[in-house]
1. Pulled fully out, how much extra length does the chain show between HIS29 and ASP221, if you take 0.36 nm times their separation in residues and subtract their Cα-Cα distance?
2. Using only protein heavy atoms and a 1.4 Å probe, report how much of THR256 is accessible, in Å² to the nearest 10.
3. Could you tell me how many cubic angstrom of Cα convex hull volume region 75-231 has per residue?
4. For region 147-155, take each phi angle, set θ = phi - 60°, evaluate the Karplus expression 6.51 cos²θ - 1.76 cosθ + 1.60, and give the result in whole Hz per residue in order, putting x for glycine and proline.
5. Where does the chain land on the Kirkwood hydrodynamic radius, alpha-carbon pairs, in angstrom?
6. Can you give me the three principal axis dimensions of region 94-150 from its C-alpha atoms, in Å, biggest first?
7. How many Å² of accessible area per residue for region 4-99, probe 1.4 Å?
8. I'd like the accessible area for SER194, computed on protein heavy atoms only with a 1.4 Å probe and all protein chains in place. Round to 10 Å², please.
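The values are calculated or read from the model by the stated rules, or taken from the named source; none is laboratory data. Treat the numbers as computed from the prediction; the structure is a model and nothing was measured. Cβ atoms come from the backbone with ideal geometry, glycine included; neighbour counts cover every protein chain shown. Just the protein is used for accessible areas: all its heavy atoms, side chains included, with ligands, DNA and RNA removed. Shrake-Rupley method; radii C 1.70, N 1.55, O 1.52, S 1.80 Å.
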Amino acid sequence: MAILPADTMNEILKRSEHLEAEMAKGPEHEVYARLAAEYSGLEDVVAAIRAYNAATRERADLKGLLDDPSADREMRDLAAAEMDELADRIETLSDDILILLLPKDAADEKGAILEIRAGTGGSEAALFAGDLFRMYQRYAELRGWKVEILDASDGEVGGYREVIAEVRGKGVFSRLKFESGVHRVQRVPATESSGRIHTSAATVAVLPVAEDVDIEIRAEDIRIDTMRASGAGGQHVNTTDSAVRITHLPTGIIVTSSEKSQHQNRARAMQVLRARLFDMERQRVESERSEARRSQVGSGDRSERIRTYNFPQGRVTDHRINLTLYKLDRVIEGEMDELVDALIADHQAAQLASMGVDA
């Protein structure tokens, strides 16, 4: 069992008590909201630390009983049995506290911008991109999140050549951020008459939703063009000059939106641009912190093949953690928690290892 940082845990308990006392004084609304937000953020780790401290005190009492030669045998036998149970509970609480003390990604509680693009494989890649988007839609529905399409370009026979959506809800980015990369599918396409298995791919990018306070975009750094929407047809393509293209001049990033009104398109394109710039800055800072991030889950490398969906064998394999599940039918219907939980656990283990803790 890893040694917990006692000084850090004590400081957290003191900070929680201080925040509670300050809130009890009835400060102004803005001050109270700030205190309450910090207090809420400490609740889980404070509860775990208090439970751990209570368990260690109980263990000390039981050890005193076991060491007492005047205690009768029945009492000592009961104490020994409770000691075994306590050891398991203390180890579990210790692991929980270590995870809770890991550095937090400031973007974890944010919503996410989900971008899916058809890759190699022609029409089948577009169909697969559509399947992936529906998988994430279903996952969002199961978790009580909301999904709104910001921009989309339909495939010629279905699916999407590209679809960009916002996913709103608590902790969205923390659970979707490891989905960025190349997703590969192996199956017999609906358009294939000979029954031959094809391999196609789609790329997924997950960016944290950025607020105005997260990233500043100067008016002189962008060029906004309006144009007539064009594409393969379908509900996402209109025929008016409402499409908007925004170019961020310092980085060369180009964002387009061809949904609904020109005013809405401009707002949505700015939202996507802000998310991309915010993500670019996050990755720059993370890269400077540690070159080892490239070997960790969630490196964000858009060219990395991260997962294969093999329909003939009914399996889905995540190559980063060597996890294979023979439940593709359920995963593609949005039951992704087993995959997501495994990716988060692997990432946390890597963080602990970097701190010299054996996970």
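1. Working it through step by step, the gained length comes to 65.5 nm.
2. 50 Å²
3. Dividing the Cα hull volume of region 75-231 by its residues yields 194 Å³.
4. Using θ = phi - 60°, the values come out as 10, 10, 6, 9, 7, 7, 10, 6, x Hz.
5. Value: 23.8 Å, from the Cα pair sum.
6. So the three principal-axis extents are 50, 25, 18 Å.
7. The answer is 66 Å² per residue.
8. Taking all protein chains as shown, SER194 has close to 80 Å².
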